[in-house]
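Take a look at the structure set out below.
The values are calculated or read from the model by the stated rules, or taken from the named source; none is laboratory data. Here the structure is a predicted model, which is why all the values come from computation and not from measurement. All Cβ positions, even for glycine, are placed from backbone atoms using ideal geometry, and neighbour counts span all protein chains on display.
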Amino acid sequence: MQAFVKNVQPAAVQIAIDWDQANQVARSPLGVAAIRGDRLTKTVAARLASAGGYVATNTADELDIVAEFPILGTSVGRLVVEVKARYSNRAIHRRAETQLRQAMRKTGSLLGLLVYGGPSDVRTKLMDDTRSQDSLFGEFDDGILVVSAEELVSWSDRQLIGELTRLRNAVVHGQR
C-alpha cells in the first residue's frame, strides 16, 4: 500500500479520461483506426486502465502513458507507452523505438509498449518491411511490444495481461 501511495496515487490524480467517450469510440463503426492525437492516447490509456493498470497520461516527463500492473510485479518497473498516429515505414518505426527506449531508460523501466493508430495491420507491415518473423514484435527481448491501437482495444483483459506477462517473462527470464 505504501508503494501505491508513494508511486501511483500522485500520478493517478493527473488522470483525466472520459471513460464514456473512450468506450463509445471503441464501439463506433469507424473504430479505433479513425482516432488521432490526444483522443488516441486517452483511448489506449482507458484500455490499459480497464485491464487493471494504474495509468497516468501526459506525465511531467512528457511520456504519453505510464502504467503499472501489479500482476506483473515490481522487478520490471512501469510500462512506458508511446502512442503514434500511424505506422508509415521502418525508418520512422526505428526512431519511435529509439524514443521509447530512451523513455524506458529515463524511468528505469524494462517494459515498453509502442502503439500505432490507423489500420490494424501494423504487424503485417513490420513483417513486410523486415521480412523476418522475429521482428514482428520489434525487439521483443529488449522489452518492447508493438501493436496497433485497434488490436489492443479488441483484446480481452486476459489476452492483454497475457501479452504483457509474456513480454515481462522475455525480459526477466529470457523466455518467449
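Structure notes:
- Candidates L100, L72 - the one that is modelled with pLDDT under 90 and not β-branched (V, I, T): L72
- The set of residues in segment 138-160 being under 17 Å from A96 (Cβ atoms), at pLDDT below 85 and surrounded by fewer than 21 Cβ atoms within 10 Å (Cβ to Cβ) consists of E139, F140, D142.
- Within segment 152-167, if we keep just the residues that are among the charged types (D, E, K, R) and more than 13 Å from the chain's Cα centre (by Cα), the residue that is nearest to G73 (Cα to Cα) turns out to be R166.
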